[in-house]
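Heads up, the thing below is written out as structure tokens.
Each reported figure results from applying straightforward, stated rules to the coordinates on display, with no laboratory input. Here the structure is a predicted model, which is why all the values come from computation and not from measurement. Here the Cβ positions follow ideal geometry from the backbone for every residue, glycine too, while neighbour counts run over all protein chains shown.
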Amino acid sequence: GENVEQHPSTLSVQEGDSAVIKCTYSDSASNYFPWYKQELGKGPQLIIDIRSNVGEKKDQRIAVTLNKTAKHFSLHITETQPEDSAVYFCAAKSNTGNQFYFGTGTSLTVIP
Amino acid sequence: EAGVTQFPSHSVIEKGQTVTLRCDPISGHDNLYWYRRVMGKEIKFLLHFVKESKQDESGMPNNRFLAERTGGTYSTLKVQPAELEDSGVYFCASSRIQGALDTQYFGPGTRLTVL
């Protein structure tokens, strides 16, 4: 089955700096890669996703890149703000199944 | 539109007891998923319902776990008898479309502690 690895497990950045979280996956059939943000006391919320026919996608301060050849994808947050502090999960899904395979999460702290 | 809701938010039980978790998906979502996160590890898939039918239950740990979705609306996940290793956060998610375009919306989770 699919194996998703996520790094780093914790990340601290100064407000205004950029944050990058990286994930790798093992199943070449995976073709959908969402990123979820989980704030304290809440469930994971979808913040951005990318499909395998696209190499990069941006939404304001958030961007995701995908390298299908190398089987890795990354989340980039620019101009970080304290409210970006949360746990971020990457996930992968193939079109042959309906379950998501998640990474172990990255706890991001933005220091004011 | 109301989101996915889960009840209870926390549950503390002793080993050997029974616990039932409930999930109410977003109205109109035929697909309902259960996931579990054990402390510090990845969120792991447990099973998937399409309406009232179990589409995939390959992630269920063992026969102490029983999930139901009578009538294709809310779902329950019962753990009987609970063991220490069952502790974790149980998430429910729902989606409208099955397959590659599937965006899953998660509930806030139920934190289960087995003592």
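Descriptive notes on the structure:
- Computed over the Cα atoms of the range B:1-74, the ratio of the radius of gyration to the Kirkwood radius (Rg/Rh) comes to 0.96.
- Note on the range A:1-94: semi-axes of the ellipsoid equivalent to its C-alpha gyration tensor, largest first and rounded to whole Å, are 22, 14, 12.
- Among the chymotrypsin sites (Phe, Trp or Tyr not before Pro) in the range B:22-85, none is located in a DSSP loop while being surrounded by at most 10 other Cβ atoms within 10 Å of its own Cβ.
- Lysine pairs in chain A with Cα atoms under 18 Å, if 8 or more residues apart or on separate chains: 15
- Estimated FRET transfer efficiency when R0 is 41 angstrom, pair A:ASN53-A:THR10 (beta carbons, to 0.05): 0.80
- Distance between modelled label sites at A:ASN3 and B:HIS10, nm, 7 Å Cα→Cβ extension: 3.6
- For the protein assembly as shown, the dipole from Cβ point charges (+1 on Lys and Arg, -1 on Asp and Glu) about the Cα centre works out to 320 debye, to the nearest 20.
- Charge tally around A:THR96: other residues with Cβ under 12 Å, Lys/Arg +1 each, Asp/Glu -1 each, net -2.
- When both the range B:36-52 and the range A:27-59 are represented by their alpha-carbon centers, they are found 17 Å apart.
- Sorted by Cβ neighbour density within 10 Å, fewest at the top, the residues A:ILE62, A:ILE48, A:ILE111: A:ILE111, A:ILE62, A:ILE48
- Footprinting exposure proxy ranking of B:HIS10, B:HIS48, B:HIS29, fewest other C-beta atoms within 10 angstrom first, gives B:HIS10, B:HIS29, B:HIS48.
- In order along the range A:61-75, phi translates into HN-Hα couplings of 8, 10, 9, 10, 10, 9, 10, 5, 5, 8, 6, 9, 9, 9, 10 Hz, rounded to whole numbers, per the Karplus curve 6.51 cos²θ - 1.76 cosθ + 1.60 with θ = phi - 60° and x for Gly and Pro.
- Placing unit charges on the Cβ atoms only, positive for Lys and Arg and negative for Asp and Glu, gives chain B a dipole magnitude near 140 debye about its Cα centre.
- Take every pair of alpha-carbon atoms less than 8 Å apart whose residues are at least six positions apart; their mean separation over the length of chain A yields a relative contact order of 37 percent.
- Leading residue at positive end of dipole, the range A:1-95 (Cβ point charges), from A:VAL54, A:TRP35, A:ALA19: A:VAL54
- Counted charge near A:GLU2, where neighbours are those whose Cβ lies closer than 10 Å (Asp, Glu -1; Lys, Arg +1): 0
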